[in-house]
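Below: the structure, in structure tokens.
The values are calculated or read from the model by the stated rules, or taken from the named source; none is laboratory data. These figures come from a predicted structure and were not determined experimentally. Cβ coordinates were reconstructed from backbone atoms using ideal geometry, including for glycine residues, and neighbour counts include every protein chain displayed. Note: areas computed on protein heavy atoms with side chains; ligands, DNA, RNA excluded. Shrake-Rupley method; radii C 1.70, N 1.55, O 1.52, S 1.80 Å.
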Amino acid sequence: MELNQEGKVLQDIFELIQDWVKEGRNPEAKVIDYHKPEELREKLNLGLGSEGSDGEMLVQVREYLKYAVRTNHSSYLNQLFGGFNFPAFIGEVITSLTNTSMYTYEVAPVATLMEKEIIQKMISYTGWKTGEGALMTGGSNTNLVAMLVARNTKFPEAKLEGLSALPKLAIFVSERSHFSMLKGANTIGVGQNGVFKVALDANGRMRGDALENAIQKALSEGFTPLMICCTSGTTETGSFDAIDEAADVAQRHNIWLHVDGSWGGSAILSAKRQYLFDGLDRADSFSWNPHKLMNIPLVCSALLIKSEGTMGESIRTHAADYIYHENDTSEYDFGPNSLQCGRRVDSLKLWLAWKYFGDNGYASRIEHLFDLASRATQIVEESPELELMFTTESLNVNFRFITPEGIDSDRFNESLRYRLLKNGKAMVNYCRLDSGLSIRLILLNPDLTSADIKQFFNLFIEEGKALLKEHRSLTA
Ligand SMILES: *Cc1c(COP(=O)(O)O)cnc(C)c1O
């Protein structure tokens, strides 16, 4: 492609970007132009041919955007990522432009220093006196690496000898912990049956007495306890396990304490919410996932570990001297301590965003979201058509449309949610709680206002009534 032509395309793309951001703020715009896969395949020219077609890129990008989900839209309340974070977006663009790998200081000098700075900054919130960490490819992977480091710290022989050096290991998590804990257990040789799920209290938090019982049970079955994992913000209900209580148990039995803050971890940025993390200073590791609550474009996830040197000790191979040369900057190289070889630069976008908003800016973004969650909860409580399905502790609001006698509430709410998706008016997800199917509203886009939330509920109720009417005419 000629440079002039590229320049023209870049200008046009710039306009598409502006339109995209603007449309996200237009409540009349659809959050998604939804089609089933077969239909969508018909609409798109997906085939990859033998001849190039470089003149059509703009058309192709337009088409992509037409059917993409507007995760920055005021009616996108669906999952644990989204929002448009301007400085982070710029960071993402520059990251691609300067395409490099984050394994040595030599090929990524500024990005490496930024990552170090970010990790130190994050550690400053934990209450630890020492610490290390790195950015990884998602919260699931930070949980996995935490398990691996816990395993190899307790059983250093495992690094060379593998599973044969290990007893039967057990990991303790709450019943509503994230499924990545099971995946991690599978990967590091604990196995999914080595994951003990601990009962919850009425607020969705892991019960301390039940944790102690689970450990006793595991011991009596011949397991060696490896890790206790507290969840700071459960995926479904946004509940925060009592870390202090788990730390007492961990200390008593000398077990690694991990805190999975993949969803709620960023709430620590607000002084007002730091009580949710009481006891984190006693934990051994912490997953903090900026691509969720800090609105950094996917992926951007940090694993922090209290004991310095353990990550390298657990992972380093002393091979690949074609990449890693002993020199005066090798202590800055992230690669050797990572499960990856090539590492994407995830530091620039987070660093730019943090610099742009500052600690205080981020704190008030988080506080604003907590306010929105209170507002949403209040609307549910005041609406005769709706009921709250779980006490709101943080940024997950669980509710549903109340159905009259004779209508299956779970199926009705599932259809209502699908109806909103199909007509593109709103995206919101659901989960299953003890009390039944629950619509799970997630507050994570700080550009939203109280009026946006009110508008969503008006729409939800309106569509719910319409669905009820259709239902009645069908069954009449
Ligand atoms: C989202 C989530 C994860 C996984 O994070 P990814 O970045 O999606 O891999 C882990 N734990 C909890 C509690 C989560 O909500």
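May I ask you to list pairs of residues, at least six apart or on different chains, whose Cβ atoms are under 9 Å apart, with the first in region 413-430 being more than 13 Å from Val69 (Cβ to Cβ) and the second being at pLDDT below 95 and part of a helix (DSSP H, G or I)? Note: pairs meeting the criteria are Ser415/His471.
Return yes when Arg273 is closer than 30 Å to Glu92 by Cβ, among the basic types (Lys, Arg), out of contact with any strand residue (DSSP E or B) (no Cβ under 8 Å at 6 or more places or on another chain) and surrounded by fewer than 23 Cβ atoms within 10 Å (Cβ to Cβ) and no when it is not. Judged against the criteria, Arg273 is a match.
Residues in region 141-159 that are open to solvent by less than 20 Å² (accessible area, probe 1.4 Å), in contact with a helix residue (DSSP H, G or I) (Cβ under 8 Å, 6 or more places away or on another chain) and away from the ligand (no atom under 16 Å from the Cβ): Val149, Asn152, Ala158.
Do we have Leu182 as among the hydrophobic types (A, V, I, L, M, F, W, C), surrounded by fewer than 24 Cβ atoms within 10 Å (Cβ to Cβ), away from the ligand (no atom under 16 Å from the Cβ) and without any contact (Cβ under 8 Å) to a residue 40 or more places away in the chain here?
no
Restricting attention to region 420-473, the residues being closer than 15 Å to Leu386 by Cβ, charged (D, E, K, R) and surrounded by fewer than 22 Cβ atoms within 10 Å (Cβ to Cβ) number 4.
The residues listed here are Gln5, Gln60, Gln79; of these, the one that is in contact with a Gly (Cβ under 9 Å, 6 or more places away or on another chain), open to solvent by less than 90 Å² (accessible area, probe 1.4 Å) and at pLDDT below 95 is Gln5.
Is region 245-257 home to any residue that is farther than 16 Å from Phe172 by Cβ, open to solvent by less than 10 Å² (accessible area, probe 1.4 Å) and touching a residue at least 24 places away in the same chain (Cβ under 8 Å)?
Looking only at region 245-257, we keep the residues that are farther than 16 Å from Phe172 by Cβ, and these are none.
No, that holds for no residue.
Comparison of Gly191, Gly162, Gly204 shows that the only residue that is farther than 14 Å from His258 by Cα, without any contact (Cβ under 8 Å) to a residue 12 or more places away in the chain, open to solvent by less than 30 Å² (accessible area, probe 1.4 Å) and more than 11 Å from the ligand (Cβ to nearest atom) is Gly191.
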